[in-house]
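The values are calculated or read from the model by the stated rules, or taken from the named source; none is laboratory data. Remember, predicted model here, so these are calculated numbers, not experimental data. Cβ placement follows ideal geometry from the backbone for every residue including glycine, while neighbour counts extend to all protein chains displayed. Ligands, DNA and RNA are stripped out before the accessible areas are found, and what is left, the full protein with its side chains, is counted by its heavy atoms. Shrake-Rupley method; radii C 1.70, N 1.55, O 1.52, S 1.80 Å.
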Amino acid sequence: MDLKQRFQHAYPGAFFMKNEVRAVASYLQGQGWLNQNEELVSLEKPGAGNMNFVLRAITNQRSFILKQARPWVEKFPQIDAPVERVAVEAKFFQSLEKIEAINQFAPSCLGFDAANFILVTEDLGKGADYSFLYQKDNLLTETDIDGLTQYLSALHQVAIPSDFPSNLAMRKLNHEHIFNFPYLEENGLNLDEVQEGLKAAAIPYKTDAALKAKIKACGAIYLAQGNHLLHGDFYPGSWLKGTDGLKVIDPEFGFVGPAEFDLSILFAHLLMAEQPSEVHKAIYKKYQQPAGFNEALFSQFVGIEILRRLIGIAQLPLSLDLSTKKKLMEQAAQWIIEEKMAI
Ligand SMILES: Nc1ncnc2c1ncn2[C@@H]1O[C@H](COP(=O)(O)OP(=O)(O)O)[C@@H](O)[C@H]1O
Ligand SMILES: [Mg+2]
């Protein structure tokens with residue numbers, strides 16, 4: 001079965017979006033999403049995504065972004081993924097629209113079609129995402145640091161929308177790849193194909209029962225109900241250099257959870273992107289911790305994100321040699337075990 005058949009088998013009658021102008025034009029017409037005299041001129045892939053099928057639609061009047069969730073991970077179609085994630089993303093953008101401190105960093109939501117799992121958002125421009133940080137000597141600017149911390153501080157202070165989805169299926173998927181899969185001794189992932197020697201370097205972490213017990217406990221916290229609205233995937237791939245500054249996209253992993261989680265993802269990626277310690281310090285200082293912020297849990301989540309990115313399936317375009325990765329993993333494990341890290 002090809003992907004289209006697989007989709008139509010799961011959702012008979014739903015529109016399977018492809019990079020085909022005529023089909024997308026008639027879909028947009030049918031939805032009433034085109035203005036008067038507006039015609040779809042072309043479609044293009046706006047950037048490298050992971051989970052979803054994303055297109056930039058260019059019309060004779062404007063451009064916008066179309067995002068369709070299919071019941072798998074676009075980059076790894078062998079991994080099933082819940083389509084409800086696109087409704088979470090729509091709900092996230094829509095509930096935060098009125099909060100200026102957040103909305104200035106978000107694309108406007110132009111439409112949502114729950115039946116076909118398609119979200120339409122404002123086109124933020126052709127700027128790259130922040131994955132360039134993983135290349136040597138690319139640093140976050142002070143403006144970026146201000147933007148990221150303003151966004152996260154404001155987000156974690158939002159009154160939780162009473163009908164925000166639990167997003168539990170997505171959390172379970174993420175839970176598997178953060179807290180479990182990387183630590184299975186045989187999981188089908190050949191780490192030596194990522195980097196020669198990585199397979200052996202991962203063994204101490206796959207066989208450390210005390211470490212794995214700590215990770216498991218943090219995983220249970222990730223799956224439990226928390227007190228703050230989280231972005232859920234706050235790493236450089238979710239930040240865009242928009243035409244008017246930093247933007248945060250892709251909140252499909254959003255949920256009501258522990259604030260420590262979002263900040264820890266940011267920190268783990270600063271470490272893997274070898275940002276200088278001044279950047280870490282500035283971010284830690286500028287982020288407004290909500291009451292009860294748990295530094296121990298934060299440190300553990302930082303270590304866990306580093307380990308899963310280095311030895312799990314969701315690899316990053318890192319420019320780290322094996323010995324740097326080994327050092328990072330040692331530190332990461334220490335933070336998880338000791339429940340503290342120095343910033
Ligand atoms: N609103 C937008 N404006 C401009 N580019 C966007 C927008 N949304 C997504 N993109 C581009 O498309 C890519 C994939 O979108 P993203 O929402 O991250 O999807 P995925 O869930 O598949 O990772 C992004 O990395 C970015 O390059
Ligand atoms: Mg993305």
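Let me check I've understood the local charge: for Glu278, count other residues with C-beta under 11 angstrom from its C-beta, Lys and Arg +1, Asp and Glu -1. What total comes out? Working shown, then result.
Working: positive: Lys281, Lys285; negative: Glu142.
Within the 11 Å Cβ shell, the charges total +1.
Could you tell me whether region 264-312 comes out rounded, prolate or oblate from its Cα gyration tensor? Rule is a ≥ b ≥ c as square roots of the eigenvalues, rounded for a/c under 1.5, then prolate if a/b exceeds b/c, otherwise oblate.
Numbers: a/c = 3.05, a/b = 1.26, b/c = 2.42.
Note, shape of region 264-312 comes out oblate.
Using DSSP to define loop residues, name the GluC sites (Glu not before Pro) in region 34-102 whose beta-carbon has at most 13 other beta-carbon atoms within 10 Å. Kindly include the intermediate steps, with their values, before the conclusion.
Numbers: sites: Glu38, Glu39, Glu44, Glu74, Glu84, Glu89, Glu97, Glu100; in loops: Glu38, Glu39, Glu74, Glu84, Glu97.
Answer by residue number: Glu39, Glu97.
Kindly state, to the nearest 0.05, the FRET efficiency for Glu100 paired with Phe164, given R0 = 25 Å and r defined as their beta-carbon distance.
Approximately 0.80, to the nearest 0.05.
Go ahead and set up a Gaussian network model of the chain, Cα springs under 10 Å, then flag whichever of Tyr222, Tyr130, Tyr11 fluctuates most.
Largest GNM mean-square fluctuation: Tyr11.
Picking from Leu168, Ile145, Ala342, whose Cα lies most toward the positive end of the charge dipole for the chain (charges on Cβ: Lys, Arg +1; Asp, Glu -1)?
About the Cα centre, the residue reaching furthest to the positive side is Leu168.
Just to be sure I understand: with springs between alpha-carbon atoms less than 10 Å apart, which residue in Lys98, Lys326, Lys214 has the highest mean-square fluctuation in the Gaussian network model of the chain?
Result for the chain, Cα springs under 10 Å: Lys98 fluctuates most.
Quick one: angle between helix 277-286 and the longest Cα principal axis of the chain, in degrees between 0 and 90, rounded to 10, please.
70 degrees
At 1.4 Å probe radius, can you tell me the per residue accessible area of region 146-251 in Å²? Write out the running numbers ahead of the final one.
Numbers: 4650 Å² over 106 residues.
Spelled out: the 1.4 Å probe surface of region 146-251, per residue, equals 44 Å².
Suppose a student asked you for the relative contact order of the chain, using Cα pairs under 8 Å spaced at least 6 residues apart; what percent would you report? Intermediate results must be reported in sequence, preceding the final value.
Working: 537 pairs, mean separation 55.6, N = 343.
Averaging sequence separation for qualifying contacts and normalising by length gives 16 percent for the chain.
Could you tell me the distance between the Cα centroids of region 242-313 and region 39-83, to the nearest Å?
Using only Cα atoms, the two centres lie 26 Å from each other.
Can you give the charge dipole size of the chain about its Cα centre, rounded to the nearest 20 debye, using +1 on the beta carbon of Lys and Arg and -1 on the beta carbon of Asp and Glu? Write down the numbers at each step before the final one.
Values: 33 positive and 41 negative charges, 75 e Å.
With only Lys, Arg, Asp and Glu charged at Cβ, the dipole is about 360 debye.
Can you pick out the pairs among Lys136/Lys326; Lys67/Lys216; Lys285/Lys340; Lys212/Lys325 whose Cα atoms lie more than 24 Å from each other?
Details: Lys136/Lys326 18 Å; Lys67/Lys216 33 Å; Lys285/Lys340 17 Å; Lys212/Lys325 19 Å.
Violating the 24 Å Cα-Cα cut-off are Lys67/Lys216.
May I ask you to derive the FRET efficiency for Ala291 and Ala114 from their Cβ-Cβ distance with R0 = 41 Å, giving the value to the nearest 0.05?
Working: r = 36 Å, r/R0 = 0.87.
It comes to 0.70.
Mind putting a number on the dipole of region 88-199 about its Cα centre? Charges go on the C-beta only, +1 for Lys and Arg and -1 for Asp and Glu, and I need it in Debye to the nearest 20. Provide the component values of the computation, followed by the final result.
Numbers: 7 positive and 18 negative charges, 70 e Å.
Roughly 340 debye, rounded to the nearest 20.
Once fully extended, how much extra length lies between Lys45 and Tyr284, figured as 0.36 nm per residue of separation less the alpha-carbon to alpha-carbon distance? Don't skip to the answer; put the middle values down first.
Numbers: separation 239, 0.36 × 239 = 86.04 nm, distance 3.52 nm.
Extra length available between Lys45 and Tyr284 comes to 82.5 nm.
So what's the back-of-envelope 222 nm ellipticity for the chain, counting only DSSP H runs of four-plus at -39500 (n - 2.57) apiece and dividing by all residues, rounded to 500? Spell out each step's value before the answer.
On the way: 13 runs with 143 residues, N = 343.
-12500 deg cm²/dmol, from helical runs alone.
Taking only Cα atoms, what is the 0 to 90° angle, nearest 10, from helix 322-338's long axis to the longest principal axis of the chain?
80 degrees
Which FRET efficiency value, to the nearest 0.05, is calculated for Phe132 and Arg56 with the Förster distance at 22 angstrom and r the Cβ-Cβ distance?
On the way: r = 20 Å, r/R0 = 0.90.
Efficiency computed from Cβ-Cβ geometry: 0.65.
Summarise the accessible area of region 130-338 (1.4 Å probe, protein heavy atoms) by the percent that is carbon and sulfur.
Numbers: 4400 of 8480 Å².
Percent of accessible area from carbon and sulfur atoms in region 130-338: 52.
Pairing the Cα long axis of helix 85-96 with the longest principal axis of the chain, what angle in degrees results, from 0 to 90 and rounded to the nearest 10?
It works out to around 90 degrees.
Over 20 Å intervals from 0, what percent of Cα-Cα pairs in the chain sits in each interval?
30, 58, 12, 0
Given an 8 Å cut-off on Cα distances and at least 6 residues of separation, report the relative contact order of region 1-96 as a percent.
Values: 110 pairs, mean separation 15.9, N = 96.
Relative contact order, region 1-96: 17 percent.
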